[in-house]
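Chemist: There's a structure below that I have some questions on.
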Amino acid sequence: MNDILLKEEILKSTSFELNPGQLFVLKTVNSTNLYAKKLINSANSHFTAVVSDSQTNGRGRMGRDFFSPEGTGIYMSIILDCKKINLPKNLLTIATGVAICRVLKNCCKADAEVKWVNDIYIKGKKVCGILAETLSEYVIMGIGINISTSVFPGKLNEIAGSVFPKNIARNEIIARVINELHIIYMEDNAQKLIDEYKSYSLVLGKKISFTHNGKAFTGIATDINTDGNLIVKTCENEMLVLNSGEVSLGSENFSR
Ligand code: BTN
């Protein structure tokens, strides 16, 4: 299948009037988030999307790199002007995770699950990460999806995987993600959003480990509240409300 990223192909499959000036399709870039940051404040920067075939300095959370080889992934960033959307800032990552799960399930027929707060898994392997960066009233929502990457560097091979969709090109998947994001950021029912997010959850009811205020904990992930916080019952029967950070499945502190 021809899988070259093409702006016209992406625009053809968007279900709303996306101004062509609001879509940047690049061959390579250091990071689509960094590129998008420079576009903030230019006219119509809200919902401007930057997509690249590869990244030389793809960035993940906690200062990590995001492996971004050419031709096999989707690396994209969307600029959001928080004054122009209905959802509050603290639910934007959750909303993005829901939108991507919808696309992976409906278009790629993949059994996508979300590990609070922003990693998407298929069959136990991380296939997508989300990096939200805030600049005053703007949020740059960075999304990295491994579509057909088969070899990852070093230890990443044990953790990361790809979607390997059948008969659907990256242009189409990108358009579907943009379409879902366009709908979901206008959602005004936070509970409905959280209920859908919970239905994709990989951690609810499971044993997890994490660090909170500098201390290591294990516990059971029991719920996600309307602010998108993870509620955990620790092994010492204490209830904790996590609003950021990273959790690991199981009792070992491995990152997955
Ligand atoms: C993570 O898993 O920690 C988040 C990864 C986010 C990667 C995406 S790829 C597009 C955008 N540009 C970046 O440099 N990072 C995000």
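The values are calculated or read from the model by the stated rules, or taken from the named source; none is laboratory data. Bear in mind that the values here come from a model prediction, so they are computed numbers and not experimental data. Backbone-built Cβ (ideal geometry, glycine too); neighbour counts: all protein chains shown. These accessible areas exclude ligands, DNA and RNA; they are computed on the full protein's heavy atoms, side chains included. Shrake-Rupley method; radii C 1.70, N 1.55, O 1.52, S 1.80 Å.
Chemist: What does the accessible area per residue of the chain come to in Å², with a 1.4 Å probe and no ligands, DNA or RNA counted?
Modeler: Averaged over the residues of the chain, the accessible area is 46 Å².
Chemist: Please state, as a whole number in µm²/s, the translational diffusion coefficient that the Stokes-Einstein equation yields for the stretch 48-155 at 4 °C and 1.567 mPa s, with Rh defined as the Kirkwood radius across alpha carbon pairs.
Modeler: My calculation gives 90 µm²/s for D.
Chemist: Using only helices, what value at 222 nm comes out for the chain when you add -39,500 (n - 2.57) per DSSP H run of length 4 or more and divide by the total residues, to the nearest 500 deg cm²/dmol?
Modeler: Roughly -6500 deg cm²/dmol at 222 nm, from the helical runs in the chain.
Chemist: Leaving ligands, DNA and RNA out of it, report the carbon-plus-sulfur percent of the accessible area of the stretch 1-128 at a 1.4 Å probe. Write down the numbers at each step before the final one.
Modeler: Values: 2860 of 5660 Å².
Carbon plus sulfur share of accessible area: 51 percent.
Chemist: Let me ask something else. Per the Kirkwood treatment, what hydrodynamic radius in Å, one decimal, follows for the chain from the mean inverse distance over all distinct Cα pairs?
Modeler: Result for the chain, one decimal place: 18.5 Å.
Chemist: So the label point goes 7 Å from the Cα of Ile183 along Cα→C-beta, right? Which residues of the stretch 18-47 then have their backbone N under 18 Å from it?
Modeler: Residues 18 qualify, since their backbone N sits under 18 Å from the label point.
Chemist: If I compute solvent accessible area with a 1.4 Å probe over the protein chains, what percent of it on the stretch 141-206 is carbon and sulfur?
Modeler: 52 percent
Chemist: Could you check the simple spin-label distance between Phe164 and Asp195, using points 7 Å along Cα→Cβ, in nm with one decimal?
Modeler: That separation, rounded to one decimal, is 3.6 nm.
Chemist: Along the Cα-to-Cβ line of Ser136, 7 Å from the Cα, sits a label point; which residues in the stretch 46-89 have backbone N less than 16 Å from it?
Modeler: 46, 80-84, by backbone N distance to the label point.
Chemist: Let me ask you something else. Here are some pairs, Lys37/Lys84; Lys123/Lys207; Lys7/Lys123; which of them have Cα atoms lying more than 22 Å apart in this structure?
Modeler: Lys7/Lys123
Chemist: Picking from Leu6, Leu34, Leu91, whose Cα lies most toward the positive end of the charge dipole for the stretch 1-93 (charges on Cβ: Lys, Arg +1; Asp, Glu -1)?
Modeler: Leu91
Chemist: Let me ask another. List the aspartates and glutamates whose Cα sits under 17 Å from the Cα of Lys12, skipping any in the same chain fewer than 8 residues away.
Modeler: Those aspartates and glutamates meeting the cut-off are Asp3, Glu172, Glu180.
Chemist: Can you compute the modelled spin-label distance between Lys125 and Asp3, with each label point 7 Å from Cα toward Cβ, in nm?
Modeler: That separation, rounded to one decimal, is 1.2 nm.
Chemist: Okay, next question. Can you pull the one-decimal nm distance between simple spin-label points at Ile40 and Asn86, each 7 Å off the Cα toward Cβ?
Modeler: Result for the modelled spin labels: 2.5 nm.
Chemist: Right, something else. If you wrap the stretch 49-98's Cα atoms in a convex hull and average its projection over all directions, what's the area in nm²? Display every interim value, and only then the final one.
Modeler: Numbers: hull surface 17.7 nm².
Projected over every direction and averaged, the Cα hull of the stretch 49-98 covers 4.4 nm².
Chemist: What is the diffusion coefficient of the stretch 175-221 in µm²/s, taking the Kirkwood radius over Cα pairs and the Stokes-Einstein relation at 20 °C with a viscosity of 1.002 mPa s?
Modeler: 161 µm²/s
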